[in-house]
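Asks: Could you have a look at this structure, given as structure tokens, before my questions?
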Amino acid sequence: MSIHLQTMGQQSGRRSWAEPWKIKMVEPLRMIDRTAREQALAEAGYNTFLLRSDDVYIDLLTDSGTSAMSDRQWAGMMTGDEAYAGSRNYYNLEAAIRRHYGYRHVVPTHQGRGAEHLISQVAIRRGQFVPGNMYFTTTRLHQELAGGIFVDVICDEAHDPQSTAPFKGNVDLAKLEALIDREGAENIAYVSLAGTVNMAGGQPVSMANVRALRELTARHGIRLYLDATRMVENAFFIQQNEDGWGDKPIAAILREFCEHTDGAWMSAKKDSLVNIGGWLAINDRDLFEELRNLVVVYEGLHTYGGLAGRDMEAMAIGIAESVADEHVRSRVEQVRYLGELLSEWEIPIVRPIGGHAIFLDARRFYPHLSQDEFPAQTLAAELYLDSGIRSMERGIVSAGRDPATGEHNRPRLELTRLTIPRRVYTQAHMDVVAESVLAAWGSRASTRGLKLLYEPKYLRFFQARFERL
Ligand SMILES: Cc1ncc(COP(=O)(O)O)c(C=O)c1O
């Protein structure tokens, strides 16, 4: 019998790549048995956010704050200057942001939503519209709490999990222009643009789109702010898939993209390879003064923003590591490896494969379940029961309720997200994950949905509880 074994590179007709690091320290994993998993999940109200991480085998809940830091970052933590004011690590962070993102003024925050809160409070007047390329949960909530009205202006392809358009994160300029014509430029707070749109499946924005957006917003005197959380991964997709960028380093693409925007907020817990941290950076001096004043109220003094000096040092070093081409390539290609396996087995996932996660299309997994039976939440529960793998819902539960009507928002995308932390798991872990998804796919016809038992007022997906129908 001839066996046809192939390396990962051979499977896709090219030379293999490998991670640009080796492992120096390990953290043992634990796997509890099926009966214990059933009990743990029932106690967690079928919500993977409510599981104890000790009961999880491979944790793909999120890529947020779950990355492995390098030896250099750990060494940097030992140089933390824990002064209340003027810590040297703040100035190192400021220099790293100026160098790699290009903005002039920097306000540190404890994480991304701290920055979202500040920018929303300062830049939105009650009743103003905030157009964005799809929503992100915490971003939209802070915009709404500041009195803003979120409007989705992403291209239509983003809502179609089967569309293979390469830049499904792009803003539809016609939709934005229609909003400006209808409401007037003075009633638009700013355009909220996210790199690799999380809720659309990690889909990137092209350089051509941000340039055109810049031109349109400048013509109307509207500010353009960037959610730079996964902008490094966005730069990788531009390098790979947009004409004219193939020979440019990711660091240069990132700088150029940011130059088309007026400022950015960041959850450094993703791209920047740290367990905690965020920032807000802006070019406008007056706005910066306001933000620098407000951060003192909610986060801490403007040279630490809720962080320890050591956290800022780890972030400064992480920013520099995060833009290295070989790092980004191995990170995104690992995600792609898992996605290609699942696609090969004809398991429905969002295409093209995004930068940080594989999104399983729960509507096509469970066509017998209505959206009110929470197909994506159900699939996350099934994966945990099968193998102890933790994923999360990105569908009707995450979308929350319409603040005006109180009805469920009903997104077209009903997805279960397998999010890959950076520099944490190996290819063998990806194989185990793929086989578990295959097992859930095999038993899909007999899978029953869930009933909502309890939902909190804000960001309900974190704490809602369910029971089996
Ligand atoms: C696109 C995006 N923006 C903002 C945030 C909020 O950041 P944080 O979790 O650090 O508060 C997240 C976190 O998941 C995100 O994915």
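The values are calculated or read from the model by the stated rules, or taken from the named source; none is laboratory data. None of the values given here were measured: they were computed from a predicted structure. When we count neighbours, we look across all protein chains shown, and the Cβ atoms used for this are built from the backbone with ideal geometry, even at glycine. In case anyone asks, the SASA skips ligands and DNA or RNA and just uses the protein heavy atoms, side chains included. Shrake-Rupley method; radii C 1.70, N 1.55, O 1.52, S 1.80 Å.
Asks: ILE347 fails exactly one of the following numbered conditions: (1) more than 20 Å from the chain's Cα centre (by Cα); (2) farther than 14 Å from GLN162 by Cα; (3) in a loop (DSSP other than H, G, I, E, B). What is the number of that condition?
Replies: Failed condition: (2).
Asks: Of all residues in region 392-409, count the ones that are in contact with a Ser or Thr (Cβ under 9 Å, 6 or more places away or on another chain) and small (Gly, Ala, Ser).
Replies: 4
Asks: I'm checking my understanding of the structure. Among residues of region 71-122 that are of a type outside the set (Ser, Thr, Tyr), assigned to a loop (DSSP other than H, G, I, E, B) and within 16 Å of the ligand (Cβ to nearest atom), which one is nearest to the chain's Cα centre (by Cα)? Outline the logic, then answer.
Replies: Taking region 71-122 as the starting set, the residues that turn out to be of a type outside the set (Ser, Thr, Tyr) are 71-78, 80-83, 85-86, 88-89, 92-100, 102, 104-108, 110-119, 121-122.
Imposing the further condition that a residue be assigned to a loop (DSSP other than H, G, I, E, B) reduces the set to 78, 80-83, 85-86, 102, 104, 110-111.
Checking which are within 16 Å of the ligand (Cβ to nearest atom) leaves us with 110-111.
Working: HIS110: 17, GLN111: 13 Å.
By that ranking, first place goes to GLN111.
Asks: Being in contact with a Ser or Thr (Cβ under 6 Å, 6 or more places away or on another chain), of a type in the set (D, E, K, R) and either open to solvent by 30 Å² or more (accessible area, probe 1.4 Å) or touching a residue at least 12 places away in the same chain (Cβ under 8 Å) (or both) narrows it down to one residue among ARG351, ARG412, ARG336; which is it?
Replies: Details: ARG412 fails: in contact with a Ser or Thr (Cβ under 6 Å, 6 or more places away or on another chain); ARG336 fails: in contact with a Ser or Thr (Cβ under 6 Å, 6 or more places away or on another chain).
The conditions single out ARG351.
Asks: State yes or no: is ALA357 touching a residue at least 12 places away in the same chain (Cβ under 8 Å), aliphatic (A, V, I, L, M) and surrounded by fewer than 22 Cβ atoms within 10 Å (Cβ to Cβ)? Outline the logic, then answer.
Replies: Working: touching a residue at least 12 places away in the same chain (Cβ under 8 Å): yes; aliphatic (A, V, I, L, M): yes; surrounded by fewer than 22 Cβ atoms within 10 Å (Cβ to Cβ): no.
So ALA357 fails the test.
Asks: What about GLY76, is it crowded, with 23+ Cβ neighbours inside 10 Å, touching a helix residue (DSSP H, G or I) at 6+ places or on another chain (Cβ under 8 Å) and not charged (D, E, K, R)? Walk me through it before giving the result.
Replies: On the way: crowded, with 23+ Cβ neighbours inside 10 Å: no; touching a helix residue (DSSP H, G or I) at 6+ places or on another chain (Cβ under 8 Å): yes; not charged (D, E, K, R): yes.
Criteria not met by GLY76.
Asks: Do we have any residue at all in region 305-326 that's surrounded by fewer than 24 Cβ atoms within 10 Å (Cβ to Cβ) and under 30 Å from VAL397 (Cβ atoms)?
Replies: Yes.
Asks: Within region 241-278, count every residue that is within 13 Å of the ligand (Cβ to nearest atom) and more than 18 Å from LEU224 (Cβ to Cβ).
Replies: Restricting attention to region 241-278, the residues satisfying the condition of being within 13 Å of the ligand (Cβ to nearest atom) are 264-272, 274-278.
This time we only want the ones that are more than 18 Å from LEU224 (Cβ to Cβ), so: 267-272, 274-278.
Adding up the residues that qualify gives 11.
Asks: Could you list, ordered by first residue, the pairs with Cβ atoms under 7 Å in which the first is in region 57-71 and open to solvent by less than 30 Å² (accessible area, probe 1.4 Å) and the second is basic (Lys, Arg) and part of a loop (DSSP other than H, G, I, E, B), at least 6 apart or interchain?
Replies: Pairs that qualify, where the first residue is open to solvent by less than 30 Å² (accessible area, probe 1.4 Å) and the partner is basic (Lys, Arg) and part of a loop (DSSP other than H, G, I, E, B), are ASP63/LYS270; ASP63/ARG422; SER64/LYS269; SER64/LYS270; GLY65/LYS269; SER67/ARG422; SER67/ARG423.
Asks: Hey, another quick one. Scan region 130-170 for residues that are buried (at least 22 other Cβ atoms within 10 Å of the Cβ), assigned to a strand (DSSP E or B) and more than 15 Å from the ligand (Cβ to nearest atom) and jot them down.
Replies: If the condition is that a residue be buried (at least 22 other Cβ atoms within 10 Å of the Cβ), assigned to a strand (DSSP E or B) and more than 15 Å from the ligand (Cβ to nearest atom), then PRO131 is the only one that fits.
Asks: Only one of (1) crowded, with 24+ Cβ neighbours inside 10 Å; (2) more than 30 Å from LYS24 (Cα to Cα) fails for SER446. Which number is that?
Replies: Condition not satisfied by SER446: (1).
Asks: For region 200-212, enumerate the residues that are within 10 Å of the ligand (Cβ to nearest atom) and either free of Cβ contacts under 8 Å to residues at least 40 places away in the same chain or of a type in the set (Val, Ile, Thr) (or both).
Replies: Of all residues in region 200-212, those within 10 Å of the ligand (Cβ to nearest atom) come to 202.
Correct list: empty.
Asks: Determine, yes or no, whether LEU60 is at pLDDT 95 or above and touching a Ser or Thr at 6+ places or on another chain (Cβ under 6 Å).
Replies: Details: at pLDDT 95 or above: yes; touching a Ser or Thr at 6+ places or on another chain (Cβ under 6 Å): yes.
Criteria met by LEU60.
For every residue, the table says whether it meets (1) within 11 Å of the ligand (Cβ to nearest atom); (2) over 13 Å from LYS168 (Cβ atoms).
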site	(1), (2)
ASN198	yes, no
ARG214	no, yes
LEU224	no, yes
MET231	yes, yes
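Asks: Let me ask something else about it. Whether any residue in region 112-125 is open to solvent by 30 Å² or more (accessible area, probe 1.4 Å) and either touching a strand residue (DSSP E or B) at 6+ places or on another chain (Cβ under 7 Å) or free of Cβ contacts under 8 Å to residues at least 24 places away in the same chain (or both) is what I want to check.
Replies: No - not one qualifying residue is present in region 112-125.
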